[in-house]
Amino acid sequence: MYSISGGGSTETLSGAVGGNGGGMIRIVAKSHKNIGSYISTGLNGTSVTVDGAIQTGGGGGGGGVILVVCERNLSSGTASVGGGAGGSYGGSGGAGWYRVIELGVN
């Protein structure tokens, strides 16, 4: 948000907002079985039009991180860790990271 002053008046303008980044999911278990989906995606940025002509956009939030550490991985399921889309003229958020590390210990 910023203000422009002149001629005895002040105009306050709000800019676009960038999206929040995805969070972190960490799972440490003896055995792991994901039969669904883990989701940790970034949110989209917003768009704003100022004075009916000037468009601006916030960037998308970066994707999250999902880490699974287990002795035995029975099923990995799916995971979504993508970045959010940018608003008008805003860049998209970068991709996140997903790994299952199977230790193989009995």
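Sorted by packing (mean other beta-carbon atoms within 10 Å per residue), highest first, where do 95-102, 51-58, 18-25 land?
Per-residue mean Cβ counts within 10 Å order the peptides as 18-25, 95-102, 51-58.
The equivalent ellipsoid that matches the C-alpha gyration tensor of segment 11-66 spans semi-axes of 38, 9, 6 angstrom, in descending order.
Pop the C-beta distance of Val105 and Gln55 into the FRET formula with R0 = 41 Å and round what comes out to the nearest 0.05. Computed FRET efficiency for Val105 and Gln55 comes out at 0.15.
The residues of the chain expose on average 61 square angstrom of accessible surface per residue, using a 1.4 Å probe on protein heavy atoms. What value does segment 21-102 have for Rg/Rh, both radii from Cα atoms and Rh as Kirkwood defines it? Ratio value, two decimals: 1.23.
Rounded to whole numbers, the Karplus 3J(HN,Hα) couplings from phi for segment 52-67 are x, 9, 8, 9, 9, x, x, x, x, x, x, x, x, 10, 10, 10 Hz, using 6.51 cos²θ - 1.76 cosθ + 1.60 with θ = phi - 60°, and x at Gly and Pro.
Taking the protein heavy atoms of the chain in the context of the full set of protein chains, the accessible area attributed to carbon and sulfur is 51 percent at 1.4 Å.
The values are calculated or read from the model by the stated rules, or taken from the named source; none is laboratory data. Just so you know, these numbers come straight off a predicted model, no measurement behind them. Note: ideal-geometry Cβ built from the backbone for every residue, glycine included; neighbour counts use all protein chains shown. To get the accessible areas, we keep the full protein, side chains included, count just its heavy atoms, and leave off ligands, DNA and RNA. Shrake-Rupley method; radii C 1.70, N 1.55, O 1.52, S 1.80 Å.
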